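Below: the structure, in structure tokens.
The values are calculated or read from the model by the stated rules, or taken from the named source; none is laboratory data. The shown structure was predicted, so the numbers you read here are calculated from the model rather than taken from an experiment. Every residue, glycine as well, gets a Cβ built from its backbone with ideal geometry; the counts of neighbours run over all protein chains shown. The protein model used for the area step is the full one, side chains on, heavy atoms only, and it has no ligands, DNA or RNA in it. Shrake-Rupley method; radii C 1.70, N 1.55, O 1.52, S 1.80 Å.
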Amino acid sequence: MPIDIEKDDIQIALKKLQARENTLRKLESISRLGSWEVDLKTHKSTWSDMSYEIYGVDKKTTVSLELFFSLLVPRYLQETQRQLQNAIKSGDPVSYQCQIVHSSGKHIDILLNGQVIYDEELNPSKILGTTQDITEQEANKAQAQELSKVMQYSSNEIYIIALDTLEYLYVNQGACHALGYTEEELLCMNIKDINPNIKDEEIIQQRSLLETKNYMLNRTMHQRKDKSTYYVQSYLHTINYHNKPACVIFDTDISEIVELEFQYKKQAKVLEYIHDSVISTDKYGHITNWNKGSTTLFGYSSEEIVGKSIAEIYHMDNEYTFKELFIILNNQGNLDIEAYMLKKSSHKITCNLSLSVSRDENGEVDGYIGYIQDITAQKKTKELLKKQTQLLKKQAHYDTLTSLPNRTLFKDRLSQAIIFSKRNHTKFALFFIDLDQFKQINDSLGHHIGDEVLVEAAKRLTSVIREEDTLARLGGDEFTIILKDLQMIQDTSVVANKIVDIMKEPIVINNHNLYVTASVGISIYPEDATNASNLIKFSDVAMYKAKDAGRDNFQFYSSDMTSQAFERVVLESSLRLAIKEEQFIVYYQPQYDASTDTLVGMEALIRWQHPSLGLVPPVKFIAFAEETGLIIPIDRLVMSIAMKQFALWYAQGFNPGILSLNLAMKQLNEVDFLTHLLEIMQTIGFKTEWLELEVTEGQVMKNPQSSIITLNIIHDLGIEIAIDDFGTGYSSLAYLKKLPLDKLKIDRTFVKDIPEDEDDMAITKAIIALAKSLNFKIIAEGVETEEQKDFLLEHGCELIQGYLYSPPIPAQEMQKLLVN
């Protein structure tokens, strides 16, 4: 009731006001409309209950304009503030749509309507307005737009026709593509234009059916613009379109289905004898067809089961009853699910069910068809694979030998330690531990013994740290420890001493007393570094300092620590860049038959053309490259450069003889080495008989059995094999005899003091005699004087390499020798 100012007393007027307030709040709740008021001077706000609900703010919260701004999705803040300023300036009502972040975390679409109220002096005093939650409307709008696009670009034909004239009101791209007409052409046509065989009686019957049921299924034939025809399955549904009675039609090309139906009887026989179970039922679930595959799977004969309910074989533990499945099928048309089925023996099995609806000519459901496969064994296999996947995930983060965290997990733990320490202002220490004398154990006693040493080392290191610390194996004999939450730096020394002491104790394996000590480098967060890369690098540097200090000790990193360790880092970085930029060049040192002074070949020798240091000899970087594994890409680069040059010389009519390439055993042991070598040779037209590979005696004898296998494969390709630096290692004559060698190379250390040193002469004569007895060729390197040449010729070594003939020279100078 309205308030009567003359008749109503204060109490009655207040009650009426309260009633109107209650009504307003109910209307707000129904319409999801919240009201609010903002004092433009103080920014204090007053919200209705619905406003609190829309914004997701507790009603006890003191609200203000700033609180409202804080709820906005950030990208709307600036525009919202601009809208407010415009409203204050103009005084006009404003309507603005934006998004807020609800307390649940969801983004809510809202529509704001408001107007500024001015005081008696025409100054903006406050703004009154409403907030409406339009999230659902926006979602519906977006969905409608998406559905419109889906319809327009659907591969199915979609039409809307006027029910009275049968003219097309809408056609999609799928229809235009199928029929060959443009959209404009079709909108000037009616259904008879593309259905030339449809009769008026059929149209009348279909209209009647649509009036009764609003929808129907129909099969008809369409005629394309080029007069060709095809069958379609049509789904028709009555709608209002632009305020006119209309019908939407969804047409699917079923030409292939029609052809398949023609073959139905033949296929029915095939289904009868198929291995998998194929079952059909009527629309009530009574079994009407049961093939031999079903008998095999379930144990029932056709006579036993036909006519009975599908419930006989459908297990009650399934998510849906079979009647619920039928309801889903009626809506969807087909369904693929996994379900439990029941054999005649009452044994439960897991099956894949591919179900579809069978319909009569009027589109009415008249039954269901199921294709059933027993996947019980597959499920067990899947579970096994799942367990194996979990195991693989563990292997990705843990070392398989010691079960310690591996490098990947260590890096993650180190990152977490940095984050934790930074947040809590604590310290931690990073230990880098390398086992001394481990390589000798591995090489002399074998990897199986080395593995047991690593396992024992892991146990000992675990025993000296706390549960919250991390011990990881980075690879080989390298371990790291993250010592968390340090109270005093002295604690680090205590742990480091324990590590050094415990590793001194002998390790007993297979009656061997093995002595392995530890060199430990330590960096401290945050004193030494605040990032993972530098912490690792600095602890590694400190570990090398411990090695230099005699091993079996620990060292803390300091900024003035040995520049040699940093040189290693710089050298590795420079080498990687040199490989990437191909800074290496090849020099060639000729090899001669000294008896005729004829050039018979040459050795390819690497040089590093450093951009700032100039030409760097191999002695400066080859050992380090072998240690870091960079020798592999370097070898391959040299191989490619030298072979291309050699093939070019042959192509130009020169006779450079045999190309001798030094081969690191790491390269030889690479899985793809032979493939890579043969690909290069094939690509540049390099013949195998032009090539000789040199391997050092010491490297071959580290693993002679493996070397025999690999070198035999290379030798069988027609490539010669030579032992370089022969006499400097510890060759076993038994293995030497088995190796597929063609040549021994006398090391320069035995040649340089001939004829003054009688011991060197005796050793050289012995090597020559050994080579001849084994039918090996023999070549001496480092020959610099006529006396050395004469001595070698006198004792049967005709092949010579050395400064007597030529130092290593670049390709341009070598070509001059070839011309002469």
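Give the accessible area for Ser302 in Å² (nearest 10); use a 1.4 Å probe, count only protein heavy atoms, and leave out ligands, DNA and RNA. Only protein atoms counted, so the area is about 40 Å². If a spin label sat at a point 7 angstrom from the Cα of Glu312 along the line to its beta carbon, the backbone N atoms of region 360-380 nearer than 20 Å would be those of 367-374. An oblate overall shape is assigned to region 710-820, the ratio a/c of its alpha-carbon gyration tensor axes (a ≥ b ≥ c) being 1.5 or greater and a/b not exceeding b/c. Once C-alpha pairs closer than 8 Å and six or more residues apart are averaged by separation and normalised to the residue number of region 485-600, the relative contact order reads 18 percent. Ordered by 1.4 Å accessible area with all protein chains kept, Ile204, Ile305, Ile239 run largest first as Ile204, Ile239, Ile305. Dimensions of region 92-163 from C-alpha coordinates, computed as largest minus smallest value along each principal axis and given longest first, are 67, 37, 18 Å. Can you tell me what share of the DSSP beta bridges in the chain is antiparallel? A percent to the nearest 5 is fine. Percentage antiparallel, nearest 5: 85. Mind putting together the pair-distance distribution for the chain? All Cα pairs, 20 Å bins, whole percent per bin, short to long. Going from the shortest bin to the longest, the percentages are 10, 20, 22, 27, 17, 4, 1, 0. Each Cα pair under 8 Å and six or more residues apart adds its sequence gap; the mean of these over the residue count of region 367-466 is a relative contact order of 18 percent. Ignoring aspartates and glutamates fewer than eight residues from Lys60 along the same chain, the ones with Cα atoms less than 16 angstrom from its Cα are Asp49.
Beta bridges per DSSP, both residues in region 502-623: antiparallel share near 85 percent.
Ranking Leu404, Tyr320, Asn331 by how far each Cα lies toward the positive end of the dipole of region 262-408 (charges on Cβ) leaves Leu404 at the top. If you roll a 1.4 angstrom probe over the protein chains with everything in place, what fraction of the accessible area of the chain belongs to carbon and sulfur, to the nearest %? The value for the chain is 52 percent carbon and sulfur by accessible area. With protein chains left intact and a 1.4 Å probe, residues in region 197-336 average 66 Å² of accessible area per residue.
Net charge around Ile482, counting only other residues with Cβ within less than 10 Å of its Cβ (Lys, Arg = +1; Asp, Glu = -1)? Neighbour charge sum, excluding Ile482 itself: 0. Note on the chain: with charges restricted to the Cβ of Lys and Arg (+1) and Asp and Glu (-1), its dipole about the Cα centre is near 2000 debye.
The alpha-carbon of Lys192 sits under 29 angstrom from the alpha-carbons of these lysines, leaving out residues fewer than 8 places away in its chain: Lys149, Lys213, Lys225, Lys227, Lys244. Bridging of Lys41 to lysines at a Cα separation below 17 Å is possible for Lys89, Lys126, once same-chain residues fewer than 8 apart are set aside.
Per residue, region 492-559 exposes an accessible area of 45 Å² to a 1.4 Å probe, with every protein chain left in place. Solvent-accessible area of Ser595, all protein chains in place: 70 Å² (probe radius 1.4 Å, heavy atoms, ligands and nucleic acids excluded).
Label-to-label distance, Glu303 versus Thr321, with points set 7 angstrom from Cα along the beta-carbon direction: 3.3 nm.
Once the mean of 1/r is taken over each pair of separate Cα atoms and inverted, region 331-370 shows a Kirkwood hydrodynamic radius of 11.7 Å.
A probe of 1.4 angstrom, applied to the heavy atoms of all protein chains, finds Tyr55 with accessible area near 10 square angstrom. A 1.4 Å probe run over region 359-400, with the rest of the protein chains in place, finds 77 Å² accessible per residue. For region 33-106, the pair-distance distribution built from all alpha carbon pairs, in bins 10 Å wide starting at 0, is 17, 53, 28, 2 percent.
The eigenvalues of the Cα gyration tensor, multiplied by 5 and square-rooted, give region 380-537 an equivalent ellipsoid with semi-axes of 27, 25, 12 Å from largest to smallest.
Considering all different alpha carbon pairs of region 295-444, the Kirkwood hydrodynamic radius works out to 21.5 Å. First check a/c for region 369-460, with a ≥ b ≥ c the square roots of the eigenvalues of its C-alpha gyration tensor; if it is under 1.5, answer rounded, and if not, answer prolate when a/b is larger than b/c or oblate otherwise. Oblate.
Here the simple spin-label model places points 7 Å from the Cα toward Cβ, and for Asp336 and Thr62 these points are separated by 6.2 nm.
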